[in-house]
1. Take every Cα pair under 8 Å in the range 6-104 that's 6+ residues apart, average their separations, divide by the length, and report that relative contact order as a whole percent.
2. Find how much the distance from PHE117 to PHE56 grows on full extension, using 0.36 nm per residue of separation minus their present alpha carbon separation; answer in nm with one decimal.
Amino acid sequence: MLFRSAAYGVAIFAESQAIGLFNLLSMPYWLELILCVVILDALAFAEHRVLHRWYFFWRIHRVHHLDLHVDATTSIRFHPFEAVFRALIGAGVVLALGLAPEGILLAFAVTAFSNTFTHMNITLPSSLERALSTEIGRAHV
């Protein structure tokens with residue numbers, strides 16, 4: 001959480017100094033919040049692709065995949081260097097775009113729920129499983 005909170009601190013700084021694209025644009029606040037969630041989710045996806053595709057990063061990220069029993073705690077098990085990598089990239093994006101601090105908090109809440117849910121060891125009703133399991137959802141990232 002320490003590294004994740006860095007993005008929030010950077011967002012407060014960017015807002016106070018009017019740094020970043022979003023601080024120069026005029027848009028409805030609700031749209032800015034939605035864009036923050038979408039942008040940070042896309043960033044997390046891109047980071048995750050890098051962690052799986054590049055051997056150096058895979059050696060660090062595989063700590064997350066070494067669980068013998070996948071459960072909700074798997075979503076918070078990772079190598080400290082991965083946290084630093086993600087924090088540095090995230091802070092740079094937050095600063096460059098001037099993402100709203102509240103958008104950062106909202107994105108982290110959505111991500112925490114989503115990551116915990118996707119790593120839970122539960123059985124869903126088959127109709128719900130079919131609805132959630134699209135080709136995109138089954139693709140291993």
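1. Numbers: 93 pairs, mean separation 58.1, N = 99.
RCO, the range 6-104: 59 percent.
2. On the way: separation 61, 0.36 × 61 = 21.96 nm, distance 2.79 nm.
Contour length minus Cα-Cα distance gives 19.2 nm.
Values in this text are rule-based calculations from the coordinates and carry no lab data. Keep in mind that this is a model prediction, so the values were computed, not measured.
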